[in-house]
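Here the structure is laid out as structure tokens; the discussion comes afterwards.
The values are calculated or read from the model by the stated rules, or taken from the named source; none is laboratory data. Treat the numbers as computed from the prediction; the structure is a model and nothing was measured. Using ideal geometry, Cβ is built from the backbone for each residue, glycine included, and neighbour counts are taken over all protein chains shown. Surface accessibility is based on the protein's heavy atoms, side chains included, excluding ligands, DNA and RNA. Shrake-Rupley method; radii C 1.70, N 1.55, O 1.52, S 1.80 Å.
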Amino acid sequence: MELHHQVLESRIRVLGEKHLDIAVTCSNMSAIYEDLGKYDEAIKYALQAAQIREASLGRTHQKTRMCYDVVEDLKRIQAQK
């Protein structure tokens, strides 16, 4: 995961924190953490992706809503563990 964090940090330096490509990277990191069973981290990155998309695209945009759905799904899965 160290490499993924380095990539995220580099992309933030180049693109800025609120760039939509950062949201994609955060979504990917969320999926990796979910696969590892690390739901706190997965939720953190999924929420970051959702917030970036909301700031850029608006709360009602399909991609924003999809990200918030992922956050809720992760919370539900975590609660069942």
Accessible area expressed per residue, the chain, with surrounding protein chains retained (probe 1.4 Å, Å²): 65 Å²
Inverse mean reciprocal Cα-Cα distance (Kirkwood Rh) of the range 3-81, Å: 12.5 Å
Debye, to nearest 20: dipole size of the chain, +1 on Lys, Arg Cβ, -1 on Asp, Glu Cβ: 240 debye
Solvent-accessible area, 1.4 Å probe, carbon plus sulfur percent, for the chain: 50 percent
Local electrostatic count, residue 58, Cβ distance below 14 Å [Lys/Arg +1, Asp/Glu -1]: +4
Cα→Cβ-extended label distance, 7 Å offset, between residue 60 and residue 38, nm: 3.8 nm
Net +/- balance of residues flanking residue 21 in space, Cβ distance below 14 Å, scoring K and R +1, D and E -1: +3
Positive-end extreme of charge dipole, the chain - chosen from 43, 15, 57 (charges on Cβ): 57
Residues of type lysines that residue 75 reaches as a straight line, Cα spacing below 22 Å, ignoring anything fewer than 8 places off in the same chain: 38, 44, 63
Extension gain (nm, one decimal) between residue 9 and residue 75, 0.36 nm per residue minus Cα-Cα: 21.2 nm
Peptides 46-55, 3-12 ordered by average Cβ neighbours within 10 Å, highest first: 46-55, 3-12
